[in-house]
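What follows is calculated from the coordinates using simple rules that are stated; it is not laboratory data. Since the structure is predicted, the reported quantities are computational estimates derived from the model, not experimental observations. When we count neighbours, we look across all protein chains shown, and the Cβ atoms used for this are built from the backbone with ideal geometry, even at glycine.
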Amino acid sequence: MRFFQKERVTVTTEVEVGRLPRTIDIALACSKEETKRLASVSPFTFFARHNLLEFKSPSDPLTPAEYKRIIARAYLYMAEVELDDLSMLTVCAVTSGKPVKVLDKIPELVKFSKISDALYFIP
């Protein structure tokens, strides 16, 4: 730290990142049978062993910043359940409308593939 201060670089320590809530709307741990059953009766054809769902409304829209917070909470969830294999996790944001700002501004971080008018997938 002294090195940076000597070089006249602003130093901030113990920086709190994030803000409450640090909760996930729904976390589902599904067996193979449960994922198959859900795939046959719902649009959730892509579920894995662990599935995190976030619900966004017109008064609480999905924004690029909120998308990043959801992904951060997903990594915290992985640490809590000691999950190391990303293929065992899906993160789903259910929105009341097309999240245009996220689809337009996030491609530099992640590539979205359009499956249908209402479903986008991150390969």
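Assorted remarks:
- Amide hydrogen neighbours beyond the local backbone of A48, cut-off 5 Å, H modeled: T90
- DSSP-defined antiparallel bridges as percent of all bridges, the range 30-123, nearest 5: 40 percent
- Rounded to 10°, Cα long-axis angle of helix 64-80 versus longest principal axis of the chain: 80 degrees
- Zone residues, the range 13-33, relative to Y120, backbone N less than 20 Å from point 7 Å out along Cα-to-Cβ: 25
- Charge dipole magnitude, Cβ of K and R +1, D and E -1 - the chain, Cα centre, debye nearest 20: 340 debye
- The translational diffusion coefficient of the range 17-121, from Stokes-Einstein at 20 °C and 1.002 mPa s with a Kirkwood hydrodynamic radius over alpha carbon pairs, comes to 146 µm²/s.
- Here the spin labels are modelled as points 7 Å beyond Cα on the Cα-Cβ line, and at D25 and F112 they lie 1.5 nm apart.
- Flagged links, alpha-carbon separation over 29 Å, of K36/K114; K32/K101; K36/K101; K6/K68; K56/K114: K32/K101; K36/K101; K6/K68
- Gaussian network model of the chain, springs between alpha carbon atoms under 10 Å - residue of S59, S96, S31 with greatest fluctuation: S59
- The angle separating the long axis of helix 32-41 from the principal Cα axis of greatest extent in the chain is about 70 degrees.
- For the range 17-121, the relative contact order is 28 percent, taking Cα pairs closer than 8 Å that sit 6 or more residues apart in sequence and dividing their mean separation by the residue count.
- Per-pair calculated FRET efficiency, R0 = 22 Å: A65 and V15 via Cβ, rounded to 0.05: 0.85
- A93 long-range amide H proximity, modeled H, under 5 Å: E54
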